[in-house]
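**Student:** My questions will all concern the structure given below.
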Amino acid sequence: MIIKTRFAPSPTGFLHIGNIRTALYSWLFAKKFQGSFILRIEDTDSNRSCSKYSTHIIDTLNWLGLKWDEGPYFQSKKIERYKDIINFLLEKNHAYRCYCSKNRIIKLREQQLLKKEKPRYDGFCKNLKIQKNSTHVIRFKNPQNGTVIFQDKVRGEIIFNNSELDDVVIQRSNGLPTYNLCVIVDDYDTKITHVIRGEDHINNTPRQINILNALKFTVPQYAHLSMITNEQKTNLSKRDCLTNILKYQKDGFFPESILNYLIRLGWSYKNQEIFSREEMIELFSLHSVKKSSSSFNLKKLLWINHYYLNKISINNLVVLFNEYCIKNKIILYKNIDLKEIIILFKKRCSNIKELVKSCWYLYKNISNYDTNLLKKYVLIYKKEIFLSLIKKFLELNNWEQKNIVSFLKKYSLNNQLTMKDISMLLRVILTNSINSPNITSIIILLGRKKVLHRINFIINAYIKKV
Ligand code: GLU
Ligand code: ZN
């Protein structure tokens, strides 16, 4: 048997971390058994579907390297096929037209809720003799007795009583088929062997199995993944910006770290945190997927991304750095040594956005100084200090690490300053902050011209006036 799985998102919003974990697990399961992975876009709800989201789904899977072997199939292109199936179900008396008005359904629901009953359709139209020509939906005639049992690959045996299930709508009043119908037709047509999806679909499963049985279609295996909650412990939604995948792509996270983060969110192998793609495929199993929900933890994702940021080659980082700047219209000084800058900063950063942000004073001018910092660390010195700094910097022959270090030592001694004083003074002038990598490296990377320019700027803009 060839294992076939699918990822079947509805294009009604941007993908979030939870959707992507479903895609990843389905992909891994197929790859593990040399099977195929199918992409299907469930876009029959024409009011809510939007082609920009379909494009986003395709782009995201490509970006993450979750390549599909078949598809993308669009359900909206298969309406005729679904209609044939619906007609077949009608003919075989497995389905019927329901003419109930919205109003009746709402009232029925209210009454049931009042009686503390589970809201469900009461089968009013099931045995209607006459077929009218008015607006109607089509419902599947769910068996009334017996049970539906399935072995969920994650959760074990699951049993539903048919008496709990009402007659699900399979065709809307606008003539379009519904999710529960399309999903089983497509899974059957594409020979899906394993349906791996979110646990929010568990309640749909017995209805889908009943429709499959009515059609004498093979029933696939199921694996329902538990939910991922956000940091506030509520279920993720497409509007959850913290877990929106676009944000991570934009901020320069790596596909590898997203996948590593996600595989561990609900699955584990010993205490291992970092897995190569090959290891993921080799080690993943549905049996080790946990049943309880997992909560999204940004810190951990940052930790994994930091790992990859410090692992990939410096040449790749230079490319990604430049790409980020172009996308965000950041213009860099010409002739900067981006490689050295990145080497100096990457240990302190978790993603490309942070990397670009944290070294900004090495690629553009400081236009606004923080006056509090200036007051505390710079303006406490007399003008002579700055003038002699400039003079000594000009005299410095070699702009090299060891010369700068001994220069700073000598200069601080001669001027009764500690090394800390002089470092902070220069740090504020050169970086407009009190946190930076060691000041010697900053001086070297900025170069003599810019160092002098910044000291001069401070003299002209602030010292003269004092
Ligand atoms: N389109 C459904 C969703 O986005 C998935 C249905 C399924 O996997 O069966 O939740
Ligand atoms: Zn009805």
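The values are calculated or read from the model by the stated rules, or taken from the named source; none is laboratory data. Please read these numbers as outputs of a predicted model, since none were measured by experiment. For neighbour counting, all protein chains shown are included, and Cβ atoms are generated from backbone atoms with ideal geometry for every residue, glycine included. Just the protein is used for accessible areas: all its heavy atoms, side chains included, with ligands, DNA and RNA removed. Shrake-Rupley method; radii C 1.70, N 1.55, O 1.52, S 1.80 Å.
**Student:** Which loop trypsin sites (Lys or Arg not before Pro) in the range 320-349, with loop taken from DSSP, have no more than 13 other Cβ atoms within 10 angstrom of their Cβ?
**Tutor:** Answer by residue number: LYS329, LYS334.
**Student:** Where does each of 62-75, 393-406, 11-24 land if you order them by average Cβ count within 10 Å, highest first? Can you show the working numbers first?
**Tutor:** Details: 62-75: 16.4, 393-406: 12.2, 11-24: 22.1.
Those peptides, ordered most packed to least, come out 11-24, 62-75, 393-406.
**Student:** Okay, moving on. How far, in nm, would the chain grow between PHE124 and LYS364 when pulled straight, counting 0.36 nm per residue and subtracting the alpha carbon separation?
**Tutor:** 79.1 nm
**Student:** In deg cm²/dmol, rounded to 500, what helix-only [θ] at 222 nm does the chain give when every DSSP H run of at least 4 residues adds -39500 (n - 2.57) and the total is split over its residues?
**Tutor:** Per the formula, -13000 deg cm²/dmol.
**Student:** Sort 204-217, 262-275 by the packing proxy (mean of other Cβ within 10 Å over each peptide's residues), most packed first.
**Tutor:** Ranked from most to least packed, the peptides come out as 204-217, 262-275.
**Student:** On the full set of protein chains, 1.4 Å probe, figure out the accessible area of TYR53 and give it in Å² to the nearest 10.
**Tutor:** Approximately 40 Å² of TYR53 is accessible to the 1.4 Å probe.
**Student:** Place the peptides 82-91, 104-113 in order of packing, highest mean first, counting for every residue the other Cβ atoms within 10 Å and averaging per peptide.
**Tutor:** 82-91, 104-113
**Student:** Ordering VAL319, VAL356, VAL169 by accessible area with a probe of 1.4 Å, largest first, what comes out?
**Tutor:** VAL319, VAL169, VAL356
**Student:** For the range 298-414, what is the charge dipole size about the Cα centre, in debye to the nearest 20, if Lys and Arg each add +1 at the Cβ and Asp and Glu each add -1 at the Cβ?
**Tutor:** Charge dipole, the range 298-414, about its Cα centre: 340 debye, nearest 20.
**Student:** When the accessible area of the range 129-197 is split by element with a 1.4 Å probe, what percent falls to carbon and sulfur? Mind dumping the intermediate values first?
**Tutor:** Details: 1580 of 3210 Å².
Taking all protein chains in place, the range 129-197 shows 49 percent carbon and sulfur surface.
**Student:** Okay, next question. Over the range 399-466, give the accessible area per residue in Å² for a 1.4 Å probe, as an integer. Spell out each step's value before the answer.
**Tutor:** Details: 3410 Å² over 68 residues.
Heavy-atom accessible area per residue stands at 50 Å².
**Student:** List the lysines whose alpha-carbon lies under 20 Å from that of LYS347, not counting same-chain residues fewer than 8 positions away?
**Tutor:** LYS347 reaches LYS299, LYS300, LYS311, LYS339, LYS357.
**Student:** So in the chain, what percent of DSSP beta bridges are antiparallel if you round to the nearest 5?
**Tutor:** Within the chain, antiparallel bridges account for around 50 percent of the total.
**Student:** Would you work out what percent of the accessible area of the range 294-364, with all protein chains in place, is carbon or sulfur (probe 1.4 Å)?
**Tutor:** Solvent-exposed carbon and sulfur of the range 294-364 make up 56 percent of the total.
**Student:** Given +1 on the Cβ of Lys and Arg, -1 on the Cβ of Asp and Glu, and no further charges, what dipole in debye does the chain carry about its Cα centre, rounded to the nearest 20?
**Tutor:** Value, rounded to 20: 1600 debye.
**Student:** Please give the charge dipole size of the range 120-162, origin at the Cα centre, charges +1 on K and R Cβ atoms and -1 on D and E Cβ atoms. Round to the nearest 20 debye.
**Tutor:** Value, rounded to 20: 260 debye.
**Student:** So, one more: How much length is gained if the chain between ASN271 and ASN435 is pulled fully straight, taking 0.36 nm per residue apart and subtracting their Cα-Cα distance, in nm to one decimal?
**Tutor:** Length gained between ASN271 and ASN435: 55.6 nm.
**Student:** Nearest 5 is fine: what % of DSSP beta bridges in the range 131-242 come out antiparallel, could you say?
**Tutor:** 60 percent
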